[in-house]
Amino acid sequence: MATNSFFRNYDSFYEQNLVDDLVIESIRMYGLDVIYVTRSNVGVDVIWNETDTPIFDQTFEFEVYVKTMDGFEGEGDFLSRFGLQIRDQATFSVARRTFERFVTKEKSNHIRPYEGDLIYFPLNNKLFEIKFVEDESLFYQMGDLQVYDLKCELMEYSNERFQTGRENIDNYWRSVTTSNDASANNAPTLESLETIDPIARNLQFEQTADGILDFTEIDPFSEQININDLDP
């Protein structure tokens, strides 16, 4: 059965733009400004399809709507065998036209929000990592899609580098960043591992680990270091 030819609800460019304008206006009224931090992959491992040295180097500020307005989702704060774990989750909605105007226009390869990018949430001064981007939350209103839903988790730092030019973001993890090069991103040297947590003996284990792997033809995996040789 054919649809009624006198009602063409999904072919009107002007009505689709009207819905876009209403969505953007609503987010500006009830949302808040966040900082979107893009991730650049340097030194990608083609075998594992991952990067060893991700760098966050550009920021963009725009408005989002916080869908989890009653509080953070996820497992929250709990004590595990590894200590206190904080696993807050949040969902942010950004209009497609807003993202294109602020991000895609300046960075053409960012045609949509990408998993792995960050959201700086100003209310609690925390960095959230985008885990999944839902592009069909508003299901084809007037035949088109209007928003992205960014499902985020509180970022777990793993020695990533920040070179955004924003002091509050670049220095966010500075106290726990480690590097063999003292000039790299003004990060602490390897020897600072000893001062971060003397009881953990991080420096000793790091120096010992550097001498274990040699990848020679005789012994490609280790130098047969005896664990009893470690200092008590």
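The values are calculated or read from the model by the stated rules, or taken from the named source; none is laboratory data. What you are looking at is a predicted structure, and each value in this text was computed from that prediction instead of being measured. Reconstructed Cβ throughout: ideal geometry from the backbone, glycine too, with neighbour counts over all protein chains shown. Surface accessibility is based on the protein's heavy atoms, side chains included, excluding ligands, DNA and RNA. Shrake-Rupley method; radii C 1.70, N 1.55, O 1.52, S 1.80 Å.
Numbers for the structure displayed
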read-out	value
In segment 29-43, the residues that are open to solvent by 80 Å² or more (accessible area, probe 1.4 Å) and either in contact with a Ser or Thr (Cβ under 9 Å, 6 or more places away or on another chain) or among the polar types (S, T, N, Q) (or both)	Asn41
Positions within segment 95-143 being open to solvent by 90 Å² or more (accessible area, probe 1.4 Å) and among the small types (Gly, Ala, Ser), in sequence order	Ser108
Of all residues in segment 145-188 being assigned to a loop (DSSP other than H, G, I, E, B), closer than 20 Å to Arg87 by Cβ and open to solvent by 70 Å² or more (accessible area, probe 1.4 Å), the one that is modelled with the lowest pLDDT	Ser158
Flag for Val46 being without any contact (Cβ under 8 Å) to a residue 12 or more places away in the chain and open to solvent by 20 Å² or more (accessible area, probe 1.4 Å)	yes
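Yes or no, residue by residue, for (1) over 17 Å from the mean Cα position of the chain (by Cα); (2) β-branched (Val, Ile, Thr); (3) modelled with pLDDT under 75:
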{"position": "Leu18", "(1), (2), (3)": "yes, no, no"}
{"position": "Val23", "(1), (2), (3)": "yes, yes, no"}
{"position": "Arg28", "(1), (2), (3)": "yes, no, no"}
{"position": "Gly31", "(1), (2), (3)": "yes, no, no"}
{"position": "Glu50", "(1), (2), (3)": "no, no, yes"}
{"position": "Gln58", "(1), (2), (3)": "no, no, no"}
{"position": "Val64", "(1), (2), (3)": "no, yes, no"}
{"position": "Asp70", "(1), (2), (3)": "yes, no, yes"}
{"position": "Gly76", "(1), (2), (3)": "yes, no, yes"}
